[in-house]
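The values are calculated or read from the model by the stated rules, or taken from the named source; none is laboratory data. Note that the structure is a prediction, hence the values are computed from the model and not measured. In this analysis, Cβ positions are derived from the backbone assuming ideal geometry, glycine residues included, and neighbour counts consider all displayed protein chains. Please note that ligands, DNA and RNA were not included when accessible areas were found on the heavy atoms of the full protein model with its side chains. Shrake-Rupley method; radii C 1.70, N 1.55, O 1.52, S 1.80 Å.
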Number of protein chains: 6
Amino acid sequence: MTSDKNSVIALELESEDALTPAQEAYFAKCEEKLGFVPNVLKAYAFNPVKLQAFADMYNDLMLGPSGLSKLEREMIAVVVSSVNSCYYCLVAHGAAVRRLSGDPELGEQMVMNYRAAALSARHRAMLDFAQALTSSPQAIDGGDRQALRDVGFSERDIWDIAAVVGFFNMSNRIAAASDMRPNDDYHAMARDAKPS
Amino acid sequence: MTSDKNSVIALELESEDALTPAQEAYFAKCEEKLGFVPNVLKAYAFNPVKLQAFADMYNDLMLGPSGLSKLEREMIAVVVSSVNSCYYCLVAHGAAVRRLSGDPELGEQMVMNYRAAALSARHRAMLDFAQALTSSPQAIDGGDRQALRDVGFSERDIWDIAAVVGFFNMSNRIAAASDMRPNDDYHAMARDAKPS
Amino acid sequence: MTSDKNSVIALELESEDALTPAQEAYFAKCEEKLGFVPNVLKAYAFNPVKLQAFADMYNDLMLGPSGLSKLEREMIAVVVSSVNSCYYCLVAHGAAVRRLSGDPELGEQMVMNYRAAALSARHRAMLDFAQALTSSPQAIDGGDRQALRDVGFSERDIWDIAAVVGFFNMSNRIAAASDMRPNDDYHAMARDAKPS
Amino acid sequence: MTSDKNSVIALELESEDALTPAQEAYFAKCEEKLGFVPNVLKAYAFNPVKLQAFADMYNDLMLGPSGLSKLEREMIAVVVSSVNSCYYCLVAHGAAVRRLSGDPELGEQMVMNYRAAALSARHRAMLDFAQALTSSPQAIDGGDRQALRDVGFSERDIWDIAAVVGFFNMSNRIAAASDMRPNDDYHAMARDAKPS
Amino acid sequence: MTSDKNSVIALELESEDALTPAQEAYFAKCEEKLGFVPNVLKAYAFNPVKLQAFADMYNDLMLGPSGLSKLEREMIAVVVSSVNSCYYCLVAHGAAVRRLSGDPELGEQMVMNYRAAALSARHRAMLDFAQALTSSPQAIDGGDRQALRDVGFSERDIWDIAAVVGFFNMSNRIAAASDMRPNDDYHAMARDAKPS
Amino acid sequence: MTSDKNSVIALELESEDALTPAQEAYFAKCEEKLGFVPNVLKAYAFNPVKLQAFADMYNDLMLGPSGLSKLEREMIAVVVSSVNSCYYCLVAHGAAVRRLSGDPELGEQMVMNYRAAALSARHRAMLDFAQALTSSPQAIDGGDRQALRDVGFSERDIWDIAAVVGFFNMSNRIAAASDMRPNDDYHAMARDAKPS
């Protein structure tokens, strides 16, 4: 891929440097596995240093070792993006919830109103925390952390929940500010999967 | 420094791995230049992979090449943190505004209400955008981007503003969720500097 | 259909009277044309008088003569329901937007953030009004009505926009108060249609 | 009454059809019993189908069989309208609370701040639910329904509370969008009644 | 009057000192002219120093020399109290608007939604400023002051508007915190006056 | 001091009368003790009657007999001003908290987010009440008053908390409306004091 004029966002960013070979390989792997390069990566590709920093943080947070399952991390991502009404992230990560859960309805619920889902106490507490930390970070206190411990989350889990909430509060704003467009491919993805 | 039990946040995170030599060197350099290691770095030090991802993104955004001056980036950081009432970031980055501007009053204004400062049209537009993107990301549209172009910001500048706004919306939430405590050293820093 | 104990909402309402023959026929026609009776009708079926009043108003508003197309009315329905995060209405009317437009992405945009759609000036004004009338009815004034006239809406069109906005502000609250569950059938509906 | 150019709202709606004889009789009965036809009915009179749907729903909800007294339904109407600052509904239904209760002060309290009234536990719970369902429908959950059951409301009562809350969230928006003017007659009505 | 146990608020404040002779005379004059002592004065009477400070400020602001008429000051008082839903102040100052204007409907409009009144450009600007300064004081800037100058308000008038807005933002909170009850006499006052 | 054209606010108010000898003496005493006359007093000096009413109320509330310490009253002042983002009051009263507490960090915490401070139960309840009464006065009820009694506040203390909260909700709005500038002297004041 050559990252010439960037058409996935409403800012006309010129490519500032070539992708590294590892980045080229990463993009090729996306094409191979997903059938496309997610537009957020194309958006960052004008600057390989920024792309690398973004991808390193994303990959550690969403795919790295954690007491939270990958599905739980995606559920948090969608609930944060729902509070912020972020079109890009709702499309891309709503699809991820459908795919990872095999439950298209769960994806819709995370997008539309997580309180409508039949959630375990663990997931309800996790998403209530994500919602509160997104809407009113200044009011979070020890009681909120304790509510997570009470349903079994470890100290490290709480850090990870906070880090995912934080990350999508960042991404939602970069997407909003740049009018980032999601790949068309997400819309039809995992629509007819059935929950196991 | 050994990152054993982490006492700068309200989560008890055990060290998961040793810092890399480069990270040890970075911490040593902080001690030498600032007199202390910023607590946000100590907070992340339980996991060197997470620390690296955070530091890489931070250093590129706040210190790397940009059409925004370092002071402008710090002004944005403080205004975002003011909307979110983030104690850690207001203390640490309020000090940075005082130091970089040589104008302690400007630091206070960014913390308390940026509209009280005598700002250039460029800075007023930049901070109005930061405030709006933080409070109501879902309502940002082409008019908001145009208002930045109208005062001379380039496409890349707009990306950078968005990226700094996004980054501090992330950091504010990680600090809030973990009750991150700022280093005492910040409070007295650059209090008597005079604007040039 | 016999409306015995009502299982589509979280209230246990006993049937108070038999459906009228016309209502039985209407439900049968739903089964035939849609493959199911929408759960909102089942919810109201405990009381045929209430069912009739609801259906009469709904059918006139959404299907009766108007300067607004059926798709436009459904777009308004979804945007109102998005402001109120109403799971039932987002599922049912999001499907209607996909079906009537042949554009699944448009349905997602109405659900997630209508500002992300590439809208005509007419539709942007219509949905901005719907959003404002839902969020801040007390602040609507002559300027808001004029903005609709300026893009070509007639006086009657403005009444109809207001009436649809009003109706879904009602339905959203009845659905929220009763935890109304949408029919499963909506989720997969019109997902792969293509815009004409 | 002839429903020629409609002067009770800020939209110039031409009469689209003659009132039915039953509607003419209903208007005559209003004149006889109240001394005037409520302007909301005049507003809808441009279209007899819409008038009928509105009146059918209104009459069932506010006057039909229910575990809620007529006064309780009017109290809910006013509290919803107070959250939405709807001038038309506050004037018309504030008068109804004064008349039905014989307590002018109660009418004022519903308009101004229901929390200032000396309410029974039943009424406080009912109005807290009405306020919450109006302000934050997306956050209503099982706990809110249980709070109503705890003070003695039946399942059907909860439906009726929700339906009245919903109806006035609709009417408030139609009134706001059309700048509906209340009849002058309401202002002096039942001002000197005394509570029994 | 002896200010023994204070029954007009929900705090049991013991009298701390006797009223001064001038205060006794002032209360007697209230009885003579109004037929009662306003409960806000009884509430403050537990401490003659506090009563004096309150009355001095009130009398200067609401009755002293100003480019704003007494009616205009009362209109501002009611609009501020409407934003804050202050029962005491809406009752007492709503009555004052009715009395001073001879227009009971204007009193209701200030209580319910000032935007529903047919206001001059001067009054609309004045009340828009009062509403904004009450709801979002942090966002007031030079443009808001200029909007007042544009409809003819002097610099001193702007100060007076701000001072009345400020005063009722204070009083509303003292009334809310103490559950201050208005005198019954206000309710029927000036209900049938007619506009001149 | 002669109060000619007033340059501490964005309104050009002409002096309307000479200060009284007592006021001249008070200003001289400020110069002597503080090194300057606080700008809020200069702002009011265009009218000696208004200055007197303001100073009388301020001096009684903030310096007069009360169960609240002077530091507690200043803490409330700053928390209210933080909710309202009032630059003038945050600068002036933030300095007062630093000076009275000998704890510069406490001053910063009151400005930035009082929940970040290590507060006694008494102070946390006091400031939670101040925050709630400022943000949502209409929702205060008996439970809020009881929470203050539960940590040992007397009825009179509750009145005093409410009065200080009210006073700064007034002052914040007068400062915002007039763009009041704080004296430069406050910024460096009590920055290096140490907690006792």
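Ordered by solvent-accessible area of protein heavy atoms (1.4 Å probe), largest first, the residues B:D192, F:D141, E:D157 come out as B:D192, F:D141, E:D157.
Counting Cβ atoms of other protein chains within 10 Å of each residue's Cβ and taking the mean over peptide A:155-162 gives 6.
Surface exposure of the stretch F:92-196, expressed per residue as accessible area with a 1.4 Å probe, stands at 32 Å².
Other chains near A:123-135: what is the mean number of their Cβ atoms within 10 Å of each residue's Cβ? Please list the in-between numbers first.
Numbers: counts 0, 1, 0, 0, 0, 0, 1, 2, 1, 2, 5, 2, 0.
Mean partner shielding for this stretch: 1.
For a quick protection proxy, order the peptides A:21-27, E:108-114 by their average other-Cβ count within 10 Å, most packed first. Don't skip to the answer; put the middle values down first.
On the way: A:21-27: 14.3, E:108-114: 26.0.
Highest-to-lowest ranking by the protection proxy: E:108-114, A:21-27.
Between F:A139 and B:S154, the simple label model (points 7 Å from Cα in the Cβ direction) yields a spacing of 4.7 nm. Our note on the geometry: Cα centres of the stretch D:1-76 and the stretch C:27-91, 23 Å apart.
Spin-label model, F:D184 to D:E31: label points 7 Å out along the Cα-to-beta-carbon direction sit 7.8 nm apart. The solvent-accessible area of B:Y88, taken with every protein chain present and a 1.4 Å probe, is close to 10 Å². Residue and whole-Å distance for the chain D Cβ lying nearest the axis of the D-onto-F rotation are D:S136, 8.
Computed about the Cα centre, the dipole magnitude for the stretch F:103-171 is approximately 100 debye when only Lys and Arg (+1) and Asp and Glu (-1) carry charge, each at its Cβ. Entry note, chain E: relative contact order of 28 percent, from Cα contacts under 8 Å with a spacing of 6+ residues.
Quick check: at a probe of 1.4 Å, how many percent of the accessible area of chain B sits on carbon and sulfur atoms?
Details: 3650 of 7030 Å².
Percent of accessible area from carbon and sulfur atoms in chain B: 52.
Take the accessible area of C alone and of D alone, subtract that of the pair with a 1.4 Å probe, and the total buried over both chains is about 3900 Å².
Could you check how many percent of all C-alpha pairs in the protein assembly as shown are farther apart than 58 Å?
On the way: 107827 of 690900 pairs.
Result: 16 percent of Cα pairs exceed 58 Å.
Could you work out the mean count of beta carbons from other protein chains within 10 Å of each residue's beta carbon in C:45-53? Could you put the intermediate results ahead of the total?
Working: counts 0, 3, 5, 0, 6, 8, 0, 4, 12.
That works out to 4 on average.
Before rounding to the nearest 500, sum -39500 (n - 2.57) across all DSSP H runs of length at least 4 in chain E and divide by the residue total; then give [θ] at 222 nm in deg cm²/dmol. Each step should come with its number before you reach the end.
On the way: 9 runs with 122 residues, N = 196.
My calculation for chain E gives -20000 deg cm²/dmol from helical runs alone.
Counting from the shortest, the label point at B:K29, 7 Å from Cα toward Cβ, is 2.9, 5.8, 7.6, 7.6, 8.6 nm from the same position in each remaining copy.
Calculation over all alpha carbon pairs of chain B in 10 angstrom steps from 0 returns a P(r) of 9, 34, 36, 17, 4, 0 percent. Sorted shortest first, the distances from the F:N59 label point to those of the same residue in the other copies are 1.8, 6.0, 7.1, 7.1, 7.8 nm; each point sits 7 Å from Cα along Cα-to-Cβ.
State, as an integer percentage, the relative contact order of the stretch F:10-91 based on alpha-carbon contacts under 8 Å between residues 6 or more apart.
Numbers: 39 pairs, mean separation 18.0, N = 82.
After rounding, I find 22 percent.
Among D:S135, D:S171, D:S81, the residue with the largest mean-square fluctuation in a Gaussian network model of chain D, with springs joining Cα atoms closer than 10 Å, is D:S135.
Mind checking which aspartates and glutamates have their C-alpha under 18 Å from A:K29, skipping anything on the same chain fewer than 8 residues away? List returned: A:D56, A:D60, A:D185.
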